[in-house]
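Below is one structure, written out as structure tokens; comments come after it.
Read-outs: derived from the displayed coordinates by stated rules, not from any lab. This one's a predicted model, so the numbers in the text were calculated from it and none came from an experiment. Cβ atoms come from the backbone with ideal geometry, glycine included; neighbour counts cover every protein chain shown.
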Ligand SMILES: [Zn+2]
């Protein structure tokens, strides 16, 4: 009689373990999915498309002087031209030395 109870308990424990593993699997999969949905594109294998991926996330512009690609929010803008820094803005924009804004 006692052996049957012990056997039943071990089966129950085994079932609990299976349920626990399944729960962990489901939760981690859910987390992975939401993480991927936030990133919109799977990571890995994108060594040559770095700039393309970057433009997907942030609006980038090219510096008129050196051609450096930078986020538009960090660019030094003047009219429709963008520069990576004030030094690069200076040579092309003659007689504008102060920031009046
Ligand atoms: Zn520059």
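Once the Cα-Cα distance is subtracted from the 0.36 nm per residue extended length, the residue 23 to residue 58 segment shows a gain of 8.9 nm. Put in line by how crowded their Cβ is, counting other Cβ atoms within 10 Å and starting with the fewest, 70, 27 read 27, 70.
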